[in-house]
Amino acid sequence: LHAAGKRVRVLEAGGREYSDRSQEIYRGEVRGDDYHALDVPRLRYLGGTSNHWAGRCRPLDAVDFEPREGIDGTGWPITKRDLDPYAEAAARILEIPGGVSDTELSHGMRRLAFQWGDPPVLFGKKYGPAFESATEPALCLEANLTGLETEQGRVRAAHVRDFDGNIARAQAGIFVLACGAIENSRLLLHFNAEAGGRLIPEAAALGRYWMEHPDSQIGHAVLADAADAPTTEPRFLGPSEIVLRESGMLNCNINVYPGPSQGGWARTLAADLACSAPRLGDWAYARLGRDLTCDADVRMVWEQAPHRDNRITLSDSERDHFGIPRTVLHLSGTQQDRRTVRAAALHYGEWLARTGGGRLLLREWLRAEDAPEFPDDWLMSQYHHMGGTRMSARAGDGVVDGNLKVWGQGNLYVAGSSVFPTGGHANPTYTIVQLSLRLADHLSRWL
């Protein structure tokens, strides 16, 4: 926006470096399944959570934007084609090559392509010098947002405070809230209550449909071809987009890691198979001396079903340093999540068997179709926070429209993964950058 000749001011709640008093604002409560303390996954200083980002990048798939039969809450008001024009620019910002595509395999499987920034881009470090060397865009540190004035469907000013009690009132033609997929919801819920519902008149979806990328071990695999075995890095596989459309499962990636025993477990399994399934035992023993050189640990990361009861609410009893109610995160896995993991795991196991590539032994919790419980470690999440201010085609179904403008406000926008209606399985940062570039394009034309 600055390069396009617009005057920009960034109100950063934290400082240039980490501080306990800023990080403490992120404390909150989790209800439902076990999850991290809310001040652990996020960082509250210049550059935000990119300060501990590992750098893995991948765009969303085309199917991630589509409504999927039998899965409520799916479908974006934009398509992958709307973000594709920003792919090259996003790759330059993230300092990755870009342009890598998946490899289609047989029987509805694909090898998934990820790219890593080396080293990962830390946004505070990368863009900090631009703020230091220019009068615009202006950077205001420790400018904690404490209120939004709204009048006749427009935000007139933002109220900010520092930790020493100094206050300021910032006026602008356009306001963009970009505080992450927990804080965007928390602040808007509080400001809307303070404004008597005038900030977001149709707020039924505000804070709701919050999502993560759960992670769980799904079993062990014996691989018949050493060329397919991972070495030091995992192999990433997943169902093809056609399978995802036809099966009703959510998106996922299957991570095949080197096993701890490097063959010892394979010999044990072969012996077990010889007793219980002689034909499979013969298959395994025939390969033990030649190709059957690796056993693999198989994990899965999957797209969590968008569910309105997974949500952000405000604490009734605790407030932060600035008097804003603390976050309460309600988060529980659904049977749709479990069906996805089981269906994808069975699909991978069948693919191994059909191609002669190996065999998969599922963990016990996935073997029975009607097993009700997840394992204790099912939600070892990726720190990928999404949803809460979801994008929608009409007011009431979400919080922002296809251009990320808040429904009912003429000049308030939201940026970040809080606008995702669904999460796909890809790390969200690449898509966040694409959406930010598209938003900047839109605002440049509008201003």
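Give the number of residues within the stretch 38-54 that are modelled with pLDDT of 95 or more and in contact with a strand residue (DSSP E or B) (Cβ under 9 Å, 6 or more places away or on another chain).
Total meeting the criteria: 3.
Filter the stretch 158-173 down to residues that are closer than 25 Å to Leu404 by Cβ and either open to solvent by less than 30 Å² (accessible area, probe 1.4 Å) or of a type outside the set (A, V, I, L, M) (or both), then give me how many there are.
The number of residues fulfilling the criteria is 7.
Of everything in the stretch 234-256, what is more than 15 Å from Glu66 (Cα to Cα) and of a type in the set (A, V, I, L, M)? Give them in sequence order.
Listed by number, the residues that qualify are Leu237, Ile254, Val256.
Would you kindly identify the strands (runs of 3 or more DSSP E) lying entirely within the stretch 206-265 that contain at least 3 residues that are at negative phi and modelled with pLDDT under 90? It would help to see each step written out before you state the result.
Working: elements: 215-223, 235-239, 252-258.
It comes to 215-223.
If a residue has to be part of a loop (DSSP other than H, G, I, E, B), of a type outside the set (Asp, Glu) and in contact with an Asp or Glu (Cβ under 8 Å, 6 or more places away or on another chain) to count, how many in the stretch 11-32 make the cut?
Initially, the stretch 11-32 is screened for residues part of a loop (DSSP other than H, G, I, E, B), giving 12-19, 27.
Checking the rest, the ones that are also of a type outside the set (Asp, Glu) come to 13-16, 18-19, 27.
Filter once more, keeping what is in contact with an Asp or Glu (Cβ under 8 Å, 6 or more places away or on another chain): 13-15, 27.
So the answer is 4.
Quick check on this structure: which one of Tyr413, Tyr430 is closer than 30 Å to Asp297 by Cα, within 24 Å of the chain's Cα centre (by Cα) and of a type in the set (Phe, Trp, Tyr)? Give the derivation first.
On the way: Tyr413 fails: closer than 30 Å to Asp297 by Cα.
Exactly one residue qualifies, and that residue is Tyr430.
Of everything in the stretch 55-86 that's of a type in the set (Asp, Glu) and open to solvent by 40 Å² or more (accessible area, probe 1.4 Å), which residue is modelled with the lowest pLDDT? Break it down stepwise before answering.
Taking the stretch 55-86 and keeping what is of a type in the set (Asp, Glu), we get 61, 64, 66, 69, 72, 82, 84.
Still in the running and open to solvent by 40 Å² or more (accessible area, probe 1.4 Å): 66, 69, 72, 82, 84.
Numbers: Glu66: 96, Glu69: 87, Asp72: 90, Asp82: 98, Asp84: 97.
Among those that are of a type in the set (Asp, Glu) and open to solvent by 40 Å² or more (accessible area, probe 1.4 Å), it is Glu69.
Condition check ((1) under 30 Å from Ala54 (Cβ atoms); (2) more than 19 Å from the chain's Cα centre (by Cα); (3) part of a loop (DSSP other than H, G, I, E, B); (4) among the charged types (D, E, K, R)) across all residues:
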residue	(1), (2), (3), (4)
Gln336	yes, no, no, no
Thr340	yes, no, no, no
Ala343	yes, yes, no, no
Gly349	yes, yes, no, no
Leu352	yes, yes, no, no
Leu360	yes, yes, no, no
Pro375	yes, yes, yes, no
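Results for (1) among the acidic types (Asp, Glu); (2) under 24 Å from Ala415 (Cβ atoms), shown as yes or no for each residue.
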| residue | (1), (2) |
| --- | --- |
| Val8 | no, yes |
| Arg16 | no, yes |
| Ile25 | no, yes |
| Glu29 | yes, no |
| Asp34 | yes, no |
| Val40 | no, yes |
| Thr49 | no, yes |
| Glu66 | yes, yes |
| Ile71 | no, no |
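Restricting the search to the stretch 384-414, which residues are farther than 17 Å from Gly153 by Cβ, assigned to a loop (DSSP other than H, G, I, E, B), open to solvent by less than 10 Å² (accessible area, probe 1.4 Å) and not hydroxyl-bearing (Ser, Thr, Tyr)?
If the condition is that a residue be farther than 17 Å from Gly153 by Cβ, assigned to a loop (DSSP other than H, G, I, E, B), open to solvent by less than 10 Å² (accessible area, probe 1.4 Å) and not hydroxyl-bearing (Ser, Thr, Tyr), then Gly387, Gly388 are the ones that fit.
From the set of residues in the stretch 362-373 that are open to solvent by less than 50 Å² (accessible area, probe 1.4 Å) and in a helix (DSSP H, G or I), which is nearest to Val256 (Cα to Cα)? Walk me through it before giving the result.
Kept after step one, since they are open to solvent by less than 50 Å² (accessible area, probe 1.4 Å), are these residues of the stretch 362-373: 362, 365-366, 368, 371.
Narrowing the set further to residues that are in a helix (DSSP H, G or I) leaves 365-366.
Values: Trp365: 19, Leu366: 17 Å.
Ranking the qualifying residues of the stretch 362-373, first place goes to Leu366.
Just for the stretch 136-157: of the residues that are within 19 Å of Lys405 (Cα to Cα) and assigned to a loop (DSSP other than H, G, I, E, B), which one is least open to solvent (accessible area, probe 1.4 Å)?
Across the stretch 136-157, the extreme among qualifying residues is Gly153.
Do we have Arg186 as in a helix (DSSP H, G or I), more than 18 Å from Pro306 (Cα to Cα) and basic (Lys, Arg) here?
Values: in a helix (DSSP H, G or I): yes; more than 18 Å from Pro306 (Cα to Cα): yes; basic (Lys, Arg): yes.
Yes; evaluated as a whole, the condition is true for this residue.
Quick check, is Gly15 touching a helix residue (DSSP H, G or I) at 6+ places or on another chain (Cβ under 6 Å), open to solvent by less than 60 Å² (accessible area, probe 1.4 Å) and touching a residue at least 12 places away in the same chain (Cβ under 8 Å)? Spell out the reasoning first.
Numbers: touching a helix residue (DSSP H, G or I) at 6+ places or on another chain (Cβ under 6 Å): no; open to solvent by less than 60 Å² (accessible area, probe 1.4 Å): yes; touching a residue at least 12 places away in the same chain (Cβ under 8 Å): yes.
When the stated conditions are applied, Gly15 does not pass them.
Condition check: open to solvent by less than 20 Å² (accessible area, probe 1.4 Å) and either in contact (Cβ under 8 Å) with a residue 60 or more places away in the chain or in contact with a strand residue (DSSP E or B) (Cβ under 9 Å, 6 or more places away or on another chain) (or both). Does Ile93 satisfy that?
When the stated conditions are applied, Ile93 does not pass them.
Name every residue in the stretch 308-348 that is more than 23 Å from Asp39 (Cβ to Cβ) and free of Cβ contacts under 8 Å to residues at least 60 places away in the same chain, in order of residue number.
The answer is Thr334, Gln335, Arg338, Arg342, Leu346.
Any chance you could count how many residues in the stretch 415-447 are more than 30 Å from Asp102 (Cβ to Cβ) and open to solvent by 10 Å² or more (accessible area, probe 1.4 Å)?
Going through the stretch 415-447, the residues more than 30 Å from Asp102 (Cβ to Cβ) turn out to be 443-447.
In the following step, the residues that additionally are open to solvent by 10 Å² or more (accessible area, probe 1.4 Å) were identified as 444-447.
Qualifying residue count, the stretch 415-447: 4.
The values are calculated or read from the model by the stated rules, or taken from the named source; none is laboratory data. From a predicted model like this one, the values you see are computed outputs, not experimental measurements. Cβ: placed from backbone, ideal geometry, glycine included. Neighbour counts: every protein chain shown. Keep in mind that these areas ignore ligands, DNA and RNA; they rest on the heavy atoms of the full protein, side chains included. Shrake-Rupley method; radii C 1.70, N 1.55, O 1.52, S 1.80 Å.
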